[in-house]
1. I need the helices (runs of 4 or more DSSP H) fully contained in the range 28-142, keeping only those with at least 3 residues that are free of Cβ contacts under 8 Å to residues at least 40 places away in the same chain and not hydroxyl-bearing (Ser, Thr, Tyr).
2. Scan the range 110-141 for residues that are open to solvent by less than 70 Å² (accessible area, probe 1.4 Å), of a type outside the set (A, V, I, L, M, F, W, C) and either at pLDDT below 95 or closer than 27 Å to Ser36 by Cα (or both) and report the count.
3. Quickly run through the range 20-59 and pick out the residues that are under 28 Å from Arg81 (Cα atoms) and open to solvent by 80 Å² or more (accessible area, probe 1.4 Å).
4. Report, by residue number, each residue of the range 58-93 that is over 18 Å from Leu137 (Cα atoms) and over 13 Å from the mean Cα position of the chain (by Cα).
5. Give the range 85-109 a look and list any residue that's out of contact with any Gly (no Cβ under 6 Å at 6 or more places or on another chain), open to solvent by less than 30 Å² (accessible area, probe 1.4 Å) and over 21 Å from Tyr11 (Cβ atoms), or say none.
Amino acid sequence: MNRIWGLYWRYLISTSLSVFLLTLSDSQLSLLNNISDTGLWPSVFWGVISFVLVVVTAVQPNGVTYIIFGKRLQLTDLVWRQFNLILLILLINLVWLAFAASQLFSSELWSIYKLFVQPAILLVVPLLGAWWVTKGLSSHSGA
């Protein structure tokens, strides 16, 4: 159980740092102001974070969550890579979901998606992913 929470907290920290740094960069450089359709902003936002995750994965195959004291959890490279893949798939799907929601939904439904559905996905899916990649470990390692 500790490994699940260890993965999850590393995800929360890495995602929070990514969001903070991207928001800070945008506030200084006004990057999103170059996109006239504000409905596309969340897609671009998650797309940039996905791109950063891919770049980090090219340098550290275990992913961005591993960089945050990942060795302390004593998980295999396979577990880290599976969790990293889950996060990458999650973020890429957020890009497409945000795009589809902005194009297909009314402004009221679009705002509900941004305020409730997207944060719920960001909180629940990584927790389920952490459980999934570590579920077989407890029977083998006694943890």
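The values are calculated or read from the model by the stated rules, or taken from the named source; none is laboratory data. The structure displayed is predicted, hence computed values, not measured ones. A quick note on method: Cβ atoms are made from the backbone with ideal geometry, for glycine too, and the neighbour counts reach across all protein chains shown. Please note that ligands, DNA and RNA were not included when accessible areas were found on the heavy atoms of the full protein model with its side chains. Shrake-Rupley method; radii C 1.70, N 1.55, O 1.52, S 1.80 Å.
1. Numbers: elements: 41-59, 64-67, 77-104, 107-112, 118-134, 137-141.
Those helices (runs of 4 or more DSSP H) span 41-59, 77-104, 107-112, 118-134.
2. Initially, the range 110-141 is screened for residues open to solvent by less than 70 Å² (accessible area, probe 1.4 Å), giving 110-111, 113, 117-122, 125-127, 129-130, 133-134, 136-138, 141.
This time we only want the ones that are of a type outside the set (A, V, I, L, M, F, W, C), so: 111, 113, 118-119, 126, 129, 134, 136, 138, 141.
Remaining after also requiring either at pLDDT below 95 or closer than 27 Å to Ser36 by Cα (or both): 111, 113, 118-119, 134, 136, 138, 141.
So the count comes out to 8.
3. Selection gives Phe20, Leu21, Phe51, Ala58, Val59.
4. Those that are over 18 Å from Leu137 (Cα atoms) and over 13 Å from the mean Cα position of the chain (by Cα): Ala58, Val59, Gln60, Pro61, Ile67, Ile68, Phe69.
5. Within the range 85-109, Ala101 is the sole residue that qualifies.
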